[in-house]
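This report concerns only the one structure given below.
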């Protein structure tokens with residue numbers, strides 16, 4: 001990962017621009033040439049490395065390039081919005097470029113502010129970055145969100161990105177999440193959503209415990225979807241939802257956001273919001289659909305972190321291995337909360353069948 005970031009820094013132009021790929025052997029034509037969802041990896045990847053390992057080296061190595069790229073995007077706005085890029089690539093719906101590109105910039109500004117604060121270089125800069133992010137969110141809300149919470153044209157991708165980026169007023173959030181679930185279930189067609197949109201869908205529905213909707217999404221087969229890829233011979237995730245029936249890349253992990261849901265929410269191998277380097281964990285399995293068991297593990301720098309569960313009618317049996325130096329909060333969905341230190345632990349909980357079988361709303 002550090003080598004990839006080095007290549008990105010080496011390829012960054014004097015203007016601050018970062019290409020879709022580096023080295024940029026065959027430049028995409030404008031307005032696609034530089035997309036924030038690609039280029040802002042210079043902000044987002046170092047933060048992920050810091051959160052995973054607790055080491056600030058990646059933050060320090062990339063912060064200046066991140067500043068330059070963010071300034072390039074801010075200076076290039078048209079009427080307050082970022083208008084260049086791929087948008088929600090590669091859905092078959094309109095790609096919503098200004099909404100998608102400006103929303104990710106707003107989120108990245110917050111992450112860059114976090115980076116500056118961790119490095120302790122300039123607290124005034126951090127405050128300015130957060131203010132700029134707030135201004136972008138306000139602009140997006142004014143331009144794209146209607147009085148009833150509809151985002152843009154009301155497509156599933158726009159609703160998800162609007163919710164992910166906090167554009168929807170708090171009082172309307174539950175209503176818009178309901179609308180997002182209903183539209184997904186009615187369409188049962190992921191070809192309307194691109195790689196940015198699917199990541200937003202998974203994040204939003206996971207955070208609102210809409211696991212039944214996500215489970216249903218994982219089972220679709222008739223229209224372009226994960227199941228459609230498999231049924232038509234895919235052996236890897238493809239660039240388009242219709243995979244082997246359409247001649248773009250046949251090995252392209254761009255739509256793989258659902259993988260995080262399997263680990264973090266279905267199996268329950270989670271992290272607390274304030275975790276750093278896998279020291280504060282969140283064991284929170286969420287049975288859904290017709291699943292009766294799940295297991296997942298991850299080798300952290302401290303040792304193995306693993307969760308497995310089995311559902312026997314309404315009895316949930318959970319076992320977790322917590323690595324040395326870590327503490328886990330345990331939420332089994334029965335209203336009780338437990339805390340566990342290093343070692344292997346087992347818990348049992350009685351769950352209401354209605355909670356297991358229905359989408360939480």
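The values are calculated or read from the model by the stated rules, or taken from the named source; none is laboratory data. Everything numeric in this text was worked out from a predicted model, so none of it was measured. Please note: Cβ atoms are built from the backbone with ideal geometry, for glycine as well, and neighbour counts cover all protein chains shown.
Structure values in brief
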item: Residue match in the stretch 194-201 (condition: crowded, with 21+ Cβ neighbours inside 10 Å, touching a strand residue (DSSP E or B) at 6+ places or on another chain (Cβ under 6 Å) and not in a loop (DSSP other than H, G, I, E, B)); result: no
item: Among (1) closer than 30 Å to residue 344 by Cβ; (2) outside the structural domain of residue 51 (by TED's automatic domain parsing) - the single one residue 225 does not satisfy; result: (1)
item: Selection count where residues are over 14 Å from residue 86 (Cβ atoms) and assigned to a loop (DSSP other than H, G, I, E, B), scope the stretch 2-25; result: 10
item: Options 278, 263: the member that is crowded, with 16+ Cβ neighbours inside 10 Å, in contact with a strand residue (DSSP E or B) (Cβ under 7 Å, 6 or more places away or on another chain) and within 28 Å of residue 191 (Cβ to Cβ); result: 263
item: Given (1) buried (at least 21 other Cβ atoms within 10 Å of the Cβ); (2) more than 28 Å from residue 51 (Cα to Cα); (3) in contact (Cβ under 8 Å) with a residue 60 or more places away in the chain, index of the condition residue 144 fails; result: (3)
item: Single residue of 148, 135, 166 found to be at negative phi and in a loop (DSSP other than H, G, I, E, B); result: 148
item: Subset of the stretch 58-84 [more than 18 Å from residue 45 (Cβ to Cβ) and touching a helix residue (DSSP H, G or I) at 6+ places or on another chain (Cβ under 6 Å)]; result: 80, 81, 82, 83
item: Only one of 158, 222 that is more than 23 Å from residue 266 (Cα to Cα), in contact with a strand residue (DSSP E or B) (Cβ under 8 Å, 6 or more places away or on another chain) and either in contact (Cβ under 8 Å) with a residue 24 or more places away in the chain or in a helix (DSSP H, G or I) (or both); result: 158
item: Options 79, 138, 114; residue that is without any contact (Cβ under 8 Å) to a residue 12 or more places away in the chain and either within 22 Å of the chain's Cα centre (by Cα) or not assigned by TED's automatic domain parsing to the domain that holds residue 154 (or both); result: 138
item: For residue 92: the one exception among (1) under 22 Å from the mean Cα position of the chain (by Cα); (2) at pLDDT 95 or above; (3) surrounded by fewer than 16 Cβ atoms within 10 Å (Cβ to Cβ); result: (2)
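Listed here are the residues, each with its yes/no results for (1) modelled with pLDDT of 95 or more; (2) in contact with a helix residue (DSSP H, G or I) (Cβ under 8 Å, 6 or more places away or on another chain); (3) outside any helix (DSSP H, G or I).
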| residue | (1), (2), (3) |
| --- | --- |
| 249 | no, no, yes |
| 264 | yes, yes, no |
| 294 | yes, yes, yes |
| 298 | yes, yes, yes |
| 319 | yes, no, yes |
| 335 | no, no, yes |
| 356 | no, no, no |
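Condition check ((1) under 22 Å from the mean Cα position of the chain (by Cα); (2) buried (at least 19 other Cβ atoms within 10 Å of the Cβ); (3) more than 28 Å from residue 180 (Cβ to Cβ)) across all residues:
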position: 257; (1), (2), (3): yes, no, no
position: 293; (1), (2), (3): no, no, yes
position: 332; (1), (2), (3): no, yes, no
position: 335; (1), (2), (3): no, no, no
